[in-house]
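Student: Let me give you the structure first, and then I'll get to my questions.
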Amino acid sequence: MNMLPMEQFRKFKNEITRFLMDYKFALDAFETKIEILKEEFQFFHDYNPIEHTKSRLKSPESILKKMYKKGCDISLEGIRSEIKDIAGMRITCSFISDIYRIADMLRAQSDLKICEVKDYIQSPKPNGYQSLHLIIEIPVYMSDRQENVCIEVQIRTIAMDFWASLEHKIYYKYNREIPSHLLQELKEASESAAALDRQMERLHKEISEIKESQMEEREEELKRISLSNQQFPIPEALVRLMSGVEET
């Protein structure tokens, strides 16, 4: 009589382990894609739009809590359809333009499907939170099957990430009941961070324009040197002398 519950437990353990492995492998595959983009961009553009990344996988306890909160049936299929952020990655950039550049690069990959976009940069949350959220479906190839797994990707600037990290710490320090004056200060801090992002974006654009202008000037100078050499060719006799051929 004791064998059946043990067998059921082992079966459930294997199922939940396999279920979460799908999400771990999805994160592994996505991290590889991001590393390729970083190296390729650095090589061809001498610039890396990605400062750093951080990934996480929800624990079984966190998943169950979220399902209970949603009032959903507890099953693996129910979890897969209701919770899209079991696996997540945060990508931190220097500039706002980098956020949308990375999103465009991900959209261009044929094996990725962008299922949902929430732009909290264009429309910040009431508390001041800013970030670009994407739900991305990625194929995971197992030994006996293929699974299409959803991961949540958050893309934000360093300033946005700094603000969100501090807001999160304050939120839990006060057990989710933050005094109104602190909420107002957090909102003001978010606006200051957004203003800093806009200023740094402007400086970045201006420096890029100066760099492009300098490159164009160098190219023009090289063209002038080339034309100058064509106008004053080396005498044929000197060419023969340099090559060691004597006149007869």
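Student: VAL149's amide H: which non-local residues (gap 5+, or another chain) put their own amide H closer than 5 Å, with H modeled 1.01 Å from N in plane and none for Pro or chain starts?
Tutor: So VAL149 has HN proximity to ILE138, VAL140.
Student: Note down the relative contact order for the chain as a percent, whole number, built from C-alpha pairs under 8 angstrom at least six residues apart.
Tutor: On the way: 254 pairs, mean separation 40.4, N = 248.
In percent, rounded to a whole number, it is 16.
Student: Counting other Cβ atoms within 10 Å, keep those with at most 13, restrict to DSSP loop, and tell me which trypsin sites (Lys or Arg not before Pro) in the stretch 113-196 are left. Show your work: numbers first, answer last.
Tutor: On the way: sites: LYS113, LYS118, ARG145, ARG156, LYS169, LYS173, ARG176, LYS187; in loops: ARG145, ARG176.
Answer by residue number: ARG145, ARG176.
Student: Listed highest first by mean packing, meaning other Cβ atoms within 10 Å per residue, what order do 49-58, 214-223 come in? Walk me through the numbers on the way to the answer.
Tutor: Values: 49-58: 15.4, 214-223: 10.0.
My ranking of the peptides, most packed first, is 49-58, 214-223.
Student: Still on this structure: Measure out, as a whole number of angstrom, how far apart the alpha-carbon centroids of the stretch 155-214 and the stretch 68-113 sit.
Tutor: 22 Å
Student: Ok, one more. If you count only protein heavy atoms and use a 1.4 Å probe, how large is the accessible surface of SER143, to the nearest 10 Å²?
Tutor: Estimated to the nearest 10 Å², SER143 gives 120 Å².
Student: Among PHE44, PHE19, PHE30, whose mean-square fluctuation peaks in a Gaussian network model of the chain (Cα, cutoff 10 Å)?
Tutor: Its mean-square fluctuation being the largest, the pick is PHE44.
Student: Oh, and also: Output the pairs from LYS66/LYS169; LYS58/LYS187; LYS38/LYS187; LYS38/LYS169; LYS84/LYS113; LYS33/LYS211 with a Cα-Cα distance over 25 Å in this structure; if there are none, say none. Provide the component values of the computation, followed by the final result.
Tutor: Values: LYS66/LYS169 20 Å; LYS58/LYS187 28 Å; LYS38/LYS187 33 Å; LYS38/LYS169 30 Å; LYS84/LYS113 13 Å; LYS33/LYS211 29 Å.
Cα-Cα > 25 Å for LYS58/LYS187; LYS38/LYS187; LYS38/LYS169; LYS33/LYS211; rest within.
Student: Treating only the Cβ of Lys, Arg, Asp and Glu as charged (+1, +1, -1, -1), what charge dipole size does the stretch 4-141 show about its Cα centre? Round to the nearest 20 debye. Don't skip to the end; give the middle numbers.
Tutor: Working: 22 positive and 21 negative charges, 141 e Å.
Approximately 680 debye in magnitude.
Student: Let's see if you can work this out: charge +1 on each Lys and Arg Cβ, -1 on each Asp and Glu Cβ, no other charges. What is the dipole magnitude of the chain about its Cα centre, in debye to the nearest 20? Don't skip to the answer; put the middle values down first.
Tutor: Values: 36 positive and 43 negative charges, 335 e Å.
Result for the chain is approximately 1600 debye, rounded to the nearest 20.
Student: Just flag the GluC sites (Glu not before Pro) in the stretch 119-207 sitting in loop per DSSP whose Cβ has no more than 12 other Cβ atoms within 10 Å.
Tutor: Working: sites: GLU137, GLU147, GLU152, GLU167, GLU177, GLU185, GLU188, GLU191, GLU201, GLU206; in loops: GLU177.
Here the sparse-neighbourhood loop sites are GLU177.
Student: Just to confirm, what accessible area per residue do you get for the chain at 1.4 Å probe, in whole Å²?
Tutor: Details: 17050 Å² over 248 residues.
Per residue, the chain has an accessible area of 69 Å².
Student: Could you grab the relative contact order for the stretch 1-144? Cα pairs under 8 Å, six or more apart, rounded to a whole percent. Present the calculation step by step, with values, prior to reporting the outcome.
Tutor: Numbers: 124 pairs, mean separation 31.6, N = 144.
For the stretch 1-144, the relative contact order is 22 percent.
Student: Then there is this: Pull up the cross-link candidates among the aspartates and glutamates for LYS205, meaning alpha carbon to alpha carbon under 16 Å and not fewer than 8 places away within one chain.
Tutor: Of all the aspartates and glutamates, those that pass the test against LYS205 - Cα under 16 Å, at least 8 places apart if same chain - are ASP46, ASP98, ASP197.
Student: Please state the charge dipole magnitude for the stretch 164-230, taken about the Cα centre, from unit charges on C-beta atoms (+1 on K and R, -1 on D and E), reported in debye and rounded to the nearest 20. It would help to have the intermediate numbers written out before the result.
Tutor: Numbers: 11 positive and 15 negative charges, 61 e Å.
Here the stretch 164-230 has a charge dipole of around 300 debye.
The values are calculated or read from the model by the stated rules, or taken from the named source; none is laboratory data. Quick caveat: nothing in here was measured; it's all calculated off a predicted structure. Virtual Cβ from ideal backbone geometry, glycine too; neighbours counted across all protein chains shown. SASA here: full protein model, heavy atoms, side chains in, ligands and nucleic acids out. Shrake-Rupley method; radii C 1.70, N 1.55, O 1.52, S 1.80 Å.
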